[in-house]
Amino acid sequence: MSQDPSFFGPQAVYRNCPRCGKPVLPVDLVTECPHCGYEIRNPRPVPLAETTIFDSSQSNVDLRLEPEPETPSTPDPMIGADFDVYHVEALLGKGGMGRVYLARHKDLHRSCALKVLMPELVEEDREFVDRFLNEGRAAAALSHPNVITVHAVGQERALYFLEMEFVPGRSLRQIIRDEHRLAPLRATALAARIADGLAEAHRLGIIHRDLKPDNVLMTLQGIPKIADFGLAKIIRHATKEAGDSLCGTPQFMAPELFDGAPASAATDVYALGVTYFLMLSGRLPYHGETLAVLMGDVLHEPLPNIRRIVPEVSLEMAECLGMMLEKNPANRPSDAIKAAQLLQAILGQARDLDSLLGEAFRDDPLVHWSSDGKRHTVVVRFPNGRKQSVMVEPSNHAAAERLLLIYSNCCDAQPAYYESALRLNSEMPHGSVALREIDGRQKFVVHDTYPRGSVDAEEVRKSVLEVAAQADAIERLLTGHDFE
């Protein structure tokens, strides 16, 4: 659960753009040349700063990580020793706040991850310990398949520790490192599951404050689990005032945090958006060698166009990403509950209409369809020789509220037909008759709707056939013709 030092490599150095030959500083897996716009693919991205407490007035803080100097390795006295009710077996990772060990609970005979706070932090500020214990207890109240379970919090030999679920796998950051970027559908599915875990915390009033790929562990089955839920992320030095310090990983911090606003569910959503952007593209939306540069970009620069970076990203995915990374928190999903709903809606729309219609009518020789890029036209042939066209298209709502519209034209909406149409409308068991302007003319249509994010092929099949049959019957009753 700590940063993977091997990911960051040496400090970034300038390289020449392959197209124009001018010097460019690599800042991510994909870097756009500022001179000619060429996208340069780099073997490794610029390193991320770790979770940090820093003075916001020190805008020249260098966000790059220098390579750690090689020091002679010294035996860790914890490894192989008994600690409280645990036997410590190995070091899993280390970070700025402590070390995480693989341990075995001697009474319960189970493996666990044991996080031990650095003693010097305890000596520096006792409030750090109080916050750590309080947040640890709050995290222990969380029970969700996408959240690391905290089993216990305690103290032994003046060391404070958390016992957590052991996840034998890699962090999401390591997966991005190895695969460079994830397929859009996979990235969206992972973002949705991370949002589900974060939503459970928000329901309980817990804010993570430092969500990032390093703090998402992946099981061997590919299930993401959020770690380090808000643990000691809001501590500030006792000599500083509340508005003078920031805490977190700068590249994942929402704009309002740089303006002095407190952490909130909306700032967690922003961090989720940065994580989603990183999964999709292999790069961060904003970067900077110093805190001042990064803050300026986050506060004032527009969000890079994800579809320009990765054309395979759908419009719905790009819209969802843009909402989560809105600079104004009032325009973002207010919490992870709403973000999860939005992502689930995107996943439901990931199946294109061609595949839905193909599954719905693959064995029906009386149905065929075509598309003009905006909507699909399904032609249904009836045994009596008549035909009826049914339109299938998504509505223009925002992604989370988008509907699948299924409708068929009956005939022109002439006043002489109103009474008969209204009577038929009251008798229809499925769908309804409505007025709709099509190509500048008022038409009677039979229509039906489904949530775009959850509709399945069987629902589409039933609705198309019923709408076609009802529209054809009305058309024949009111006009006596077959207009298709």
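Coordinate-derived values only; no laboratory data. This is a predicted model, so every value here is computed, not measured. No Cβ is skipped: glycine too gets one built from the backbone with ideal geometry, and neighbour counts run over all protein chains shown.
Mind jotting down the distance between the C-alpha centroids of region 331-384 and region 281-297, whole Å?
Using only Cα atoms, the two centres lie 38 Å from each other.
For HIS144 paired with ARG104, estimate the spin-label separation in nm (one decimal), with each label point 7 Å from Cα along the Cα-to-Cβ line.
Modelled inter-label distance: 3.3 nm.
If packing is taken as the average count of other Cβ atoms within 10 Å, what order do 432-441, 218-227, 318-327 fall into, highest mean first?
Details: 432-441: 11.9, 218-227: 17.4, 318-327: 20.8.
Put in order of decreasing packing, that is 318-327, 218-227, 432-441.
Which order do peptides 286-297, 194-205, 377-388 fall in by mean Cβ count within 10 Å, highest first? Display every interim value, and only then the final one.
Working: 286-297: 18.6, 194-205: 21.2, 377-388: 15.7.
Packing proxy ranking, top to bottom: 194-205, 286-297, 377-388.
By the gyration tensor of its Cα atoms, with a ≥ b ≥ c the square roots of the eigenvalues, what is the shape of region 113-198: rounded for a/c under 1.5, prolate for a/b over b/c, or oblate? Each step should come with its number before you reach the end.
Values: a/c = 2.65, a/b = 2.01, b/c = 1.32.
Since a/c reaches 1.5 and a/b is larger than b/c, the shape of region 113-198 is classed as prolate.
Beyond 27 Å between alpha-carbons counts as too far, so tell me which of LYS225/LYS374; LYS327/LYS374; LYS115/LYS338; LYS338/LYS462; LYS115/LYS225 fall in that bin.
Working: LYS225/LYS374 38 Å; LYS327/LYS374 31 Å; LYS115/LYS338 32 Å; LYS338/LYS462 31 Å; LYS115/LYS225 16 Å.
Beyond 27 Å: LYS225/LYS374; LYS327/LYS374; LYS115/LYS338; LYS338/LYS462.
Given the Cα-Cα distance of HIS300 and ARG137 and 0.36 nm per residue of separation, how much length would full extension add, in nm? Don't skip to the answer; put the middle values down first.
Working: separation 163, 0.36 × 163 = 58.68 nm, distance 3.81 nm.
So the chain would gain 54.9 nm between HIS300 and ARG137.
Length gain on complete extension for the stretch ASP130 to ALA292, per 0.36 nm per residue less the alpha carbon to alpha carbon distance? Working shown, then result.
On the way: separation 162, 0.36 × 162 = 58.32 nm, distance 3.17 nm.
Extending this stretch completely gives an extra 55.2 nm.
Of LEU92, MET164, PRO145, which is farthest towards the positive pole of region 82-164's charge dipole, taken about the Cα centre with +1 and -1 on the beta-carbons of Lys, Arg and Asp, Glu respectively?
Value computed over the given set: PRO145.
Note down the nm distance, to one decimal, between modelled labels 7 Å out along Cα→Cβ at GLN155 and at VAL379.
In this crude spin-label approximation the distance works out to 8.0 nm.
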